Structure formats: structure tokens, C-alpha cells
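Bear in mind these aren't lab numbers, they're just calculated from the coordinates by the rules spelled out. This one's a predicted model, so the numbers in the text were calculated from it and none came from an experiment. Here the Cβ positions follow ideal geometry from the backbone for every residue, glycine too, while neighbour counts run over all protein chains shown.
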Amino acid sequence: MKKLLLTMTAIGFVTLTNAQGSNTSSNELGIQTGFSTYLGDLIKSNVTYSQAGWANGIYYRHNFGSRVAVKGFANLARVWASDHRDQTDIYRYRRNLSFRNDIVEVGAQAEINLFRLGTFHANNQSDKKYSMFSPYVFAGINFFRHNPKALYKADWVALQPLLTEGVKYSLNQFAVPFGLGFKLQPNARIALALEFGARLTFTDYIDDVSGTYPDLAALNTTGGDLATQMSYRGDKRNSKPNYTWPKAGTKRGNSSDNDWYTVTQFSLGYRLGK
């Protein structure tokens, strides 16, 4: 992963220093919409779209010629998952945890167009060196605010204050967005794009699950009955009512891997100026 990011950074630097002008405006404003997914302790497979949430936002892009651009963005994305969705894994089935998390992210990314992007007119010789479409790759940095919740009776309860694993983690985090996309510019004003982006995060608590179960008595003292109810939910299954609270130190999640989330969006932009 580090080698990939370093390679993309090096390519971007070389391209930027050798970028040529474009035949369209350099500033662009737009909206974007799509869906988001989550990769973590409540998802068995590495990549799945079976439990996808929505992702909507706005962006501003500055084009440094036809090859390189910088994009600033803000998104609101929902991710969610449930152990109940996969009944083939007995451990997860017994754990019976679930969550949803509305993530607010703000960030910036550098983009490298593989073709010289610009308007194209067959009768204009100067425009023939540009393409109306181009694949692109990107990488950047973003800040996000998250707040995992779980449904208890009829209410969505915030999990972080309950210390369900006896750990207090931060809801403010940074991530490294990177991915690829496809741009289409049908004329000098309209800019379309389809983008898939992964978010490398530095937290394992997007789902409020990471390490081990805490001591039941200690958890009840710090978080009360609600904390014990939300930390382990295997005893809530009607079909298996006799599951008992796990011993302190029993594995609850996989602390060796941080959580990820992805954002796939279609964007519509308008180019400003001349």
C-alpha cells in the first residue's frame, strides 16, 4: 500500500511539472452522489456491496492544464453492517452485533488524467490533441467525523460513550483517500465523472468493535445496564436465548486490522470562467 501511494505521488509530481495547457476553464464546481461501503469486523468478506449506504456531497476542482487536477470535497456517507446478515459464521451469529455510522468527511486529492482531457471538435485542428474522456487515478488526505450507533428497542444509541470494550476512542479521525475514476467532458462547461475511492483509516472503531470483551461488572459500573446490553447481544436471539456473557478478555473483534470504508460516486460539475 505504501509503495502504491509513493508511486502515485511520484507520477503526479512528474506530470505536474510537465503539464500542458487545456482548452477549457480551470475551475469547476459540482455535486456528487452514490453509495458507500464498510470493511471491518462485522463484514466477513474483504469487499462487498450487500450492505451499502448512501454517499452525497459537493466538490471544487482546479485543473492544472489537461493532465493534473486538485479536488476539494465534502461528503456525508452512511455505512452499516450486521452480524445477522451472515448466518454461516457461528461466531458472528452468536455475537449478534450491528451498527450504522454517518460519516462526515472533508478532504483534498490530487488527480492524474491518463489522457489529455479537454473539449474535442473534429474540425478544429488545435483541439485534436485533447480527448473528451479520460481514466484517472487519485490520492489525498481527508478529515472525518464519525459516530457509531446501534438500534436498541426503537432508538439509535451512540456506542462510543458506553465504552462497550472498556476503551475510549476518538470520533475525529484522518484517512487517506485513493482510487480511480473516469471523466467525461461533453463540452466546455459540463464535466461528468464516475469515481471509486477507498479510505485508509487509522481507527478500528468505525463499527465500535476491535478487541476483547471487558469485565461485565466493571462495564456495568462505568456504563450501566445499557452498556452491557450493547456490548454483547448474543443473548437477544429468540432462537438461542441461553447464550451467556463472554468471559473478560474473550475475543470480540480483530484489533490487528483497522477499519476501511469506500465511496463510489457519480459527479456532475460546471466549469467556471472562460
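What to note about this one:
- The simple spin-label model puts a point 7 Å past each Cα toward its Cβ; for Ala108 and Leu151 those points are separated by 4.1 nm.
- Mean-position separation - Cα centroids, segment 30-76 and segment 128-153, in angstrom: 3 Å
- Where labels lie 7 Å past Cα in the beta-carbon direction, separation of Ala248 and Phe133 in nm: 6.1 nm
- Amide H partners (placed H, <5 Å) of Leu97, local residues excluded: Asp83
- Cα→Cβ-extended label distance, 7 Å offset, between Ile141 and Asp225, nm: 4.8 nm
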